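Just below is one structure, and these are the notes that go with it.
The values are calculated or read from the model by the stated rules, or taken from the named source; none is laboratory data. On a predicted model such as this, the values are computed, not experimentally measured, just so you know. Cβ placement follows ideal geometry from the backbone for every residue including glycine, while neighbour counts extend to all protein chains displayed.
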Amino acid sequence: MARCPACNKQIVFGGKRQNGHRYCNSRCAHKHEPAALNARELPPEIVAHELLQLYESECPTCGRPGPIDLHAAHFVWSFLIVSRRRSQQFLCCRRCGMKRKLYGMAATSLAGWWSLPLGVILTPIFIVQNIREMGRPAAGAPSARLETYVRNRLIESVDWAEFKKQEAIDEPGGWDAAEPV
């Protein structure tokens, strides 16, 4: 299933297509567009440095040394005619990520079945998704999810006006040498 690049929700039907991306709705498409444009402008060496630094840092959950990555867990709770589903991402080490995924699978297995028809339909789907997530992300290298997270974090922290000004200075002929500062 497709995922919205802005909010990471699953898109089952429909959605909004814009500039090669599929969003869950127009609000996400509008919110994500400036970030998507700026993400393409980030220098790859800065992204690689920040990605490696975060990947090799200690786990924010347990404090053990890395590597850390983004792990996803999926939950379904149901009661009579109401079903609630949620997917969450956690920045943590593999061990803490596995605990969260097992918790998601156990909580879904116990609380997901108790609604007709959605609970009965969604529970096996979310259990399978949690099983599939057990092998993700692969050990040894940062995942694409973590890279997207780092890019978004960098975008939020960059002063784009200053970045463009610095880019103009760095280009040959960008500023006239005789121009007073």
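Every condition in (1) within 22 Å of Arg3 (Cα to Cα); (2) within 20 Å of the chain's Cα centre (by Cα); (3) not in a helix (DSSP H, G or I) is met by Arg132 except one, and the failing one is (3).
Going by the structure shown, is Ser87 among the small types (Gly, Ala, Ser), in a helix (DSSP H, G or I) and surrounded by fewer than 21 Cβ atoms within 10 Å (Cβ to Cβ)? No. Counting the residues of the range 1-35 that are surrounded by fewer than 15 Cβ atoms within 10 Å (Cβ to Cβ), among the polar types (S, T, N, Q), at pLDDT 80 or above and not in a helix (DSSP H, G or I) gives 0.
Select, from Phe79, Phe75, the only residue that is closer than 27 Å to Ile11 by Cα, of a type in the set (Phe, Trp, Tyr) and exposed (fewer than 14 other Cβ atoms within 10 Å of the Cβ). Full working, then the answer.
Values: Phe75 fails: exposed (fewer than 14 other Cβ atoms within 10 Å of the Cβ).
Answer to the check: Phe79.
Pairing each residue of the range 123-149 that is in contact (Cβ under 8 Å) with a residue 60 or more places away in the chain with any residue that is in a helix (DSSP H, G or I), provided the two are 6+ apart or on different chains, yields C-beta distances under 6 Å for Glu133/Lys101; Pro142/Leu51; Pro142/Tyr55; Glu147/Leu51. Taking the listed residues Gly119, Gly112, the one that is over 20 Å from Cys4 (Cβ atoms), surrounded by 22 or more Cβ atoms within 10 Å (Cβ to Cβ), touching a residue at least 40 places away in the same chain (Cβ under 8 Å) and of a type in the set (Gly, Ala, Ser) is Gly119, with no other qualifying. Applying a threshold of 6 Å to beta carbon distances and a minimum spacing of six or more residues, or different chains, the list of pairs starting in the range 61-90 at a residue that is without any contact (Cβ under 8 Å) to a residue 12 or more places away in the chain and in the same structural domain as Gly112 (by TED's automatic domain parsing) and ending at one that is hydrophobic (A, V, I, L, M, F, W, C) and surrounded by 13 or more Cβ atoms within 10 Å (Cβ to Cβ) reads Arg84/Trp77. Just a yes or no: is a residue in the range 79-92 of a type in the set (Ser, Thr, Tyr) and closer than 29 Å to Trp113 by Cα? So far as the range 79-92 goes, yes, one or more of its residues are of a type in the set (Ser, Thr, Tyr) and closer than 29 Å to Trp113 by Cα.
Within the range 71-103, which residues are of a type in the set (A, V, I, L, M), at pLDDT 90 or above and more than 19 Å from Val128 (Cα to Cα)?
Residues of the range 71-103 that are of a type in the set (A, V, I, L, M), as a first pass: 72-73, 76, 80-82, 91, 98, 102.
Those left that are additionally at pLDDT 90 or above: 72-73, 76, 91, 98, 102.
Within the range 71-103, Leu91 is the sole residue that qualifies.
Apart from one condition, Cys62 fits all of (1) in a strand (DSSP E or B); (2) exposed (fewer than 15 other Cβ atoms within 10 Å of the Cβ); the exception is (1). The condition (being at pLDDT below 90, under 21 Å from Leu102 (Cβ atoms) and of a type outside the set (S, T, N, Q)) is satisfied by just one residue among Glu167, Glu179, Glu133: Glu133.
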